[in-house]
Amino acid sequence: MSEKDQKELIFPGGRGGKGNSHFATSTRQAPRFSQGGEKGIEKELILELKLIADVGLLGFPNVGKSTFLSRTTSATPKIANYHFTTLEPNLGVVKSEYGDSFVIADIPGIIEGASQGVGLGIQFLRHIERTRLLLHVIDVSGLEGRNPVEDFTVINKELKQYSEKLANRKQIIVANKIDSMQDETLYKELEKMAKEKNIEIFKISAVTGEGLKELLTRVTEVLKTLPKEEIVEIKQRKLYTLEEKEEFNITKEEGIFVVDGPGVQRIMRRVNLEDNESMHYFQKCLDELGVNQALKEAGVQEGDTVRVVDWELEWYD
């Protein structure tokens, strides 16, 4: 939960019944009937668990996210030089030299078309929603023929298609693999784009550790300025109350008066019609609800059959 003592009602319980002592009077001191409780609500829910991290590592497969996580935290993700090495999100805790710490998550499988279910991305995009800051890791080495600017554009397009809120999340560009960079042209183009979009950019090598200290120091500073994300999102709130409107309706089917509706069903669930005293209480409740008067107005005559929900009774005036 996002806050201390936060509560959310998912299933309202059924209204409680009343024991026989509730119906005791001066003339009926030991009533033999009681009122049963109502059934609760039954639903089938899908609960989705999302990772809780301060920072999310974003980027195409094989750009060095797992290596970055292993160098900056005690996490030990699988690392290999091929796509989709990481098949599930990995978490690690970064501890700065000043005692600050934050949780970082390596989010795998984000590729073009991920927001429409291509590859593994749709399974993991939701985990980024809980992060406050995104580190967009981009390969600037040029060894795989990738275009850093194009990679940045494609990934951010996927974020926007998945969630407008996520697309506006603060990012820092992490230009990785500078230890393997033979030509700075690709990096210069990425740096120019970052400047135009007013996005911070850091050059690092996750393998050698170059630039990591400066980057993590800046991340620590930025996190202190960002508000905490709401852990629980309630898309639709419904106020439940026990004092629901007592509604009923009367129809006629093949000569039988049929009484149904929430109010009548509620009464039926709470009385024992096999017991005489409960039957008297049942009749009293129907009268107070206005059912008897409504039946008279509908033309019921003595001897007619009245079906209350699924219980058939003979009408006597």
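The values are calculated or read from the model by the stated rules, or taken from the named source; none is laboratory data. No experiment lies behind these values; they were computed from the predicted model shown. Every residue, glycine among them, receives a Cβ derived from its backbone with ideal geometry; neighbour counts consider all protein chains shown.
Could you please find all residues in segment 54-77 being at pLDDT below 80 and either in contact with a Ser or Thr (Cβ under 8 Å, 6 or more places away or on another chain) or within 16 Å of residue 136 (Cα to Cα) (or both)?
76, 77, listed by residue number.
Name the single residue that is surrounded by the most Cβ atoms within 10 Å (Cβ to Cβ) among those in segment 248-273 being in contact with a helix residue (DSSP H, G or I) (Cβ under 8 Å, 6 or more places away or on another chain) and at pLDDT 80 or above. Among those residues, the one meeting the criterion is 259. Applying the condition of being polar (S, T, N, Q) and under 15 Å from residue 72 (Cα atoms) to segment 197-209 and asking which residue is surrounded by the most Cβ atoms within 10 Å (Cβ to Cβ) yields 205. If you go through segment 290-311 and keep only what is modelled with pLDDT under 85 and not β-branched (Val, Ile, Thr), you end up with 310, 311.
Looking only at residues of segment 297-311 that are charged (D, E, K, R) and surrounded by 12 or more Cβ atoms within 10 Å (Cβ to Cβ), we find that the one that is nearest to residue 265 (Cα to Cα) is 307.
If you check 109, 37 for being modelled with pLDDT under 80, more than 29 Å from the chain's Cα centre (by Cα) and among the small types (Gly, Ala, Ser), only one passes: 37. All of (1) out of contact with any Asp or Glu (no Cβ under 9 Å at 6 or more places or on another chain); (2) closer than 21 Å to residue 66 by Cα; (3) modelled with pLDDT under 90 hold for residue 114 with one exception: (1).
Might you check whether a residue that is modelled with pLDDT of 80 or more, β-branched (Val, Ile, Thr) and within 30 Å of the chain's Cα centre (by Cα) occurs anywhere in segment 224-241?
Yes, there is a match, as at least one residue in segment 224-241 is modelled with pLDDT of 80 or more, β-branched (Val, Ile, Thr) and within 30 Å of the chain's Cα centre (by Cα).
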